[in-house]
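Input: a single structure, listed below in structure tokens.
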Amino acid sequence: MPIHLDEVDIISKIKPQSSALIVPCYMCPAVTIAIRDKKPFLKLFSSLLKSPPFESYIKSLQYRLKDSGVSSTVFKSNFIHQWFLCMWTSGRRKKLMRQLQEYNYVIVLGCDSATETVRDLFKTDDNLVIQGMEVTGFMNAKMRLHLPCNISFEDCKVIPLNQQKTGHDN
């Protein structure tokens, strides 16, 4: 199952009158937000390959940034093979690298591996990479298909990464 992520306060880390490129991973964060909001992850007939709850989350983040004086743009990944940011092709990484120079900050919505993928693209220290979500564990859930072709997750549990938190020592 996907990695479970919690939101991080990024607004306080960004200076007003600046710009940010939001680089989302479209798998684990999207599943996390869909489960949190108790909404379908995908609606195949109405949104095809976009997760409506995650798209709403990104829009909300953009509004909060704007209210703080930060302009933002989203680096879109429209194809299913681009959903996992940590496994992007070299071509996709090059496209992102070209766009990075136009922004003061890069906000990564994904796990530590996704953030490292973006950090690896920097040639200078002019920009700042901010991880917008933090890993809290793995999700264990049942995927369900509901009419009319909505994909949801049910009976979700978060399995913590740190075994000591649960009392299970090896």
Q. So how many residues does the stretch 4-39 have that are buried (at least 24 other Cβ atoms within 10 Å of the Cβ) and on the phi > 0 side of the Ramachandran plot?
A. 0
Q. From the set of residues in the stretch 95-147 that are touching a residue at least 60 places away in the same chain (Cβ under 8 Å) and assigned to a helix (DSSP H, G or I), which is nearest to PHE84 (Cα to Cα)?
A. ALA114
**Q.** Tally, over the stretch 1-24, of residues that are within 26 Å of LEU49 (Cα to Cα) and at pLDDT 90 or above
**A.** 9
Q: Find all pairs meeting these conditions: Cβ atoms under 9 angstrom apart; at least six residues apart or on different chains; first residue within the stretch 51-71 and of a type in the set (Asp, Glu); second residue buried (at least 17 other Cβ atoms within 10 Å of the Cβ).
A: GLU55/ALA30
Q.
I'd like the residue in the stretch 140-170 that is in contact with a Ser or Thr (Cβ under 7 Å, 6 or more places away or on another chain) and not charged (D, E, K, R) and, out of all such residues, is modelled with the highest pLDDT.
A. PRO160
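The values are calculated or read from the model by the stated rules, or taken from the named source; none is laboratory data. Being a predicted model, the structure only gives us computed values, none of them experimental. Backbone-built Cβ (ideal geometry, glycine too); neighbour counts: all protein chains shown.
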